[in-house]
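Each value in this text was obtained by applying a stated rule to the coordinates, not by laboratory testing. Note that the coordinates shown come from a computational prediction; the quantities given were computed from them, not determined experimentally.
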């Protein structure tokens with residue numbers, strides 16, 4: 001059972017990254033909980049609506065997100081994911097081409113796994 005949940009979380013992670021690169025706001029809305037909080041690599045704290053608005057306005061556009069070194073820990077109805085992401089794109093007109101380490105928390109909400117918390121830090125090469 002745990003292996004199946006971890007595999008499902010891996011699929012959710014993949015769908016989330018694809019939604020970010022394709023600016024798929026419908027998928028992002030479904031995968032991210034309405035009360036989710038994000039701590040961006042620059043230290044800013046933002047909400048789901050702020051993230052989606054940035055994509056809607058074109059202020060954020062990721063052209064590529066590649067993941068590696070993914071670790072998933074399950075705690076009851078919560079999954080904690082740690083992953084390295086190599087990202088290229090732009091955020092608020094600033095060009096991004098860097099590696100980051102993210103921690104993402106998924107929670108089972110009404111039979112649907114959704115992101116409830118995200119935090120990322122840049123990795124210096």
Entry for P(r) over Cα pairs in 5 Å bins from 0, in percent (calculated from the structure that is shown) out of (1) 2, 10, 17, 19, 16, 12, 9, 7, 5, 3, 1, 0, 0; (2) 2, 11, 21, 24, 20, 13, 7, 2, 0; (3) 2, 11, 21, 27, 22, 11, 5, 1, 0: (3)
Degrees separating the helix 2-22 axis from the principal Cα axis of the chain, which is the longest one: 20
Gap separating the Cα centres of the range 91-125 and the range 1-43, nearest whole Å: 8
The range 2-123, relative contact order in percent, only Cα pairs under 8 angstrom and at least six apart counted: 24
Beta bridges per DSSP with both ends in the chain, % antiparallel, nearest 5: 90
Relative contact order (%) - the range 75-125, alpha-carbon pairs under 8 angstrom, separation at least six: 33
Helix-only mean residue ellipticity at 222 nm for the chain, each DSSP H run of n ≥ 4 adding -39500 (n - 2.57), per residue, nearest 500: -9500 deg cm²/dmol
On Cα atoms only, tilt of 48-57 relative to the major axis of the chain in degrees: 40
